[in-house]
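Participant: Sharing a structure with you now.
Here, each number is a calculation from the coordinates, and none is a lab measurement. All of these numbers come straight from a predicted model, not from anything done at the bench. A quick note on method: Cβ atoms are made from the backbone with ideal geometry, for glycine too, and the neighbour counts reach across all protein chains shown.
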């Protein structure tokens, strides 16, 4: 039921990161935020993940699971990020770890 949207999430993350990197190549890196020990690429992926943060009552979550064409928020984060070579590189995830599995689903 969610396959099409899962594919879109994977492809959308990949394309948006490419667009971000293109913008950086044309305009240069932005200033680092003081006291934040994350790279710009890490911040990009962190921002992506925060889009899907949230909570709902268990009965609402169950209803959504039964009827929505979208996966739950945590799946929309973990799926695309674990399929992203760019995420694994940004966070230096070891090959074979949960966030950098050896076998990835690549879209486009």
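Participant: I'd like the distance separating the alpha-carbon centroids of the stretch 9-29 and the stretch 57-99, in whole Å.
Facilitator: The two parts, judged by their Cα centres, are 20 Å apart.
Participant: Counting alpha carbon pairs within less than 8 Å and at least 6 residues apart, what relative contact order, in whole percent, applies to the stretch 64-108?
Facilitator: For the stretch 64-108, the relative contact order is 29 percent.
Participant: Which ordering of 43, 36 is given by a fewest-first count of other beta-carbon atoms within 10 Å?
Facilitator: 36, 43
Participant: Picking from 88, 61, 19, which is most flexible by a Gaussian network model of the chain using Cα springs under 10 Å?
Facilitator: Between 88, 61, 19, it is 61 that shows the largest mean-square fluctuation.
Participant: Among 25, 84, 71, which one shows the highest mean-square fluctuation when the chain is modelled as a Gaussian network with alpha-carbon springs under 10 Å?
Facilitator: Evaluated over the chain, the most mobile residue of the options is 25.
Participant: Contact order normalised by length for the chain, with contacts defined as Cα pairs under 8 Å and 6 or more residues apart; what percent is it?
Facilitator: It comes to 37 percent, rounded to a whole number.
Participant: Given axes a ≥ b ≥ c from the Cα gyration tensor, I'd like to know whether the stretch 1-54 is rounded (a/c under 1.5), prolate (a/b larger than b/c) or oblate.
Facilitator: Cα axes put the stretch 1-54 in the oblate bin.
Participant: Given the -39500 (n - 2.57) contribution per DSSP H run of 4+ residues, what per-residue ellipticity at 222 nm results for the chain, rounded to the nearest 500 deg cm²/dmol?
Facilitator: Here the helix-only value at 222 nm equals -18500 deg cm²/dmol.
Participant: Can you put 63, 82 in order of Cβ neighbours within 10 angstrom, beginning with the fewest?
Facilitator: By the 10 Å Cβ count, ascending: 63, 82.
Participant: So how do 105, 93, 53 line up by other beta-carbon neighbours within 10 Å, fewest first?
Facilitator: So the ranking, lowest neighbour count to highest, is 53, 105, 93.
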